[in-house]
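This report refers to the structure that appears directly beneath it.
Every read-out reported here was derived from the displayed coordinates using simple, explicitly stated rules and does not represent laboratory data. Keep in mind the model is a prediction, meaning the values are calculated, not measured. Virtual Cβ from ideal backbone geometry, glycine too; neighbours counted across all protein chains shown.
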Amino acid sequence: MTLQFLPARPSDAVTLTAIAHHSKQHWGYPEEWMKIWAEELEIRPEFIEKEMVVKAEAEAEIIGFYALQPHTAYDATDLAHFWLLPEHIGKGYGRQMFEHMLQTMQKAGAETLLVESDPYASGFYEKMGGRKVGERQSSIAGRKLPVYAFAVGLRNLP
């Protein structure tokens, strides 16, 4: 099934927050970690108004979303959020979302995407062509997040 991609609206904030929480919980993280991440996973209406937030719909239901914003330290775009409901993982929807995101970036003239990945999502970003360029300390003490770079401007996308 092909997804439909639409700009998120501020009124989608509660739904997008629920998708982010549900997706993160899928990996079986302890409840104490989920509480630490609650603010990071919250999608506020003003965030949707300010940044590029795109929702993915299947049969008129929001099943995932991504959010892009300028990276704070580099001349690059930061993948702020990329979430898919767990029941839709493994069906090719994540790939469709990622390809749509890269096409959107390419049309906007962006050249580099940086992704601070959850360790469980590393394999996905490697399959999508990401090159591991480092690690970043997580908000959980002692936990490292792999950082991937994508050369968006060099891709041949449909």
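Quick one: Debye curve from the C-alpha atoms of the chain, no solvent, what's log10 I(q)/I(0) at q = 0.11 Å⁻¹? Normalising to I(0) and taking log10 leaves -0.41.
Our coupling estimate for the stretch 77-83, obtained by passing each phi through the Karplus curve with A = 6.51, B = -1.76, C = 1.60 and θ = phi - 60°, is 9, 9, 7, 6, 8, 8, 10 Hz, Gly and Pro reported as x.
Set the bar at 21 Å for Cα to Cα. Now go through Lys55/Lys91; Lys55/Lys144; Lys50/Lys107; Lys24/Lys50 and name every pair that lies beyond it. From the list (Lys55/Lys91; Lys55/Lys144; Lys50/Lys107; Lys24/Lys50), the Cα-Cα distance tops 21 Å for Lys55/Lys144; Lys24/Lys50.
How many angstrom separate the Cα center of the stretch 103-148 from the Cα center of the stretch 2-45? The two parts, judged by their Cα centres, are 18 Å apart.
Compute for the stretch 13-84: radius of gyration divided by Kirkwood radius, i.e. Rg/Rh, restricted to C-alpha atoms, rounded to two decimals. Please report the intermediate quantities before stating the final value.
On the way: Rg = 12.9 Å, Rh = 13.0 Å.
Radius of gyration over Kirkwood radius for the stretch 13-84 works out to 0.99.
Coupling constants for the stretch 25-42 follow from the phi torsions by the Karplus curve (6.51 cos²θ - 1.76 cosθ + 1.60, θ = phi - 60°), and in residue order they are 5, 3, 8, x, 5, x, 4, 5, 5, 4, 5, 4, 7, 3, 5, 5, 8, 6 Hz; glycine and proline get x.
Of the chymotrypsin sites (Phe, Trp or Tyr not before Pro) found in the stretch 67-158, those that fall in a DSSP loop while having at most 14 other beta-carbon atoms within 10 Å are Tyr74. If one puts a single equal scatterer on every Cα of the stretch 83-158 and applies the Debye formula without solvent, what log₁₀ I(q)/I(0) results at q = 0.23, 0.25 Å⁻¹? With one equal scatterer per Cα and no solvent, log10 I(q)/I(0) is -1.11, -1.20. Residues in the stretch 123-130 carry Karplus couplings, in order, of x, 4, 5, 5, 5, 7, x, x Hz; the curve used is 6.51 cos²θ - 1.76 cosθ + 1.60 with θ = phi - 60°, and Gly or Pro positions show x.
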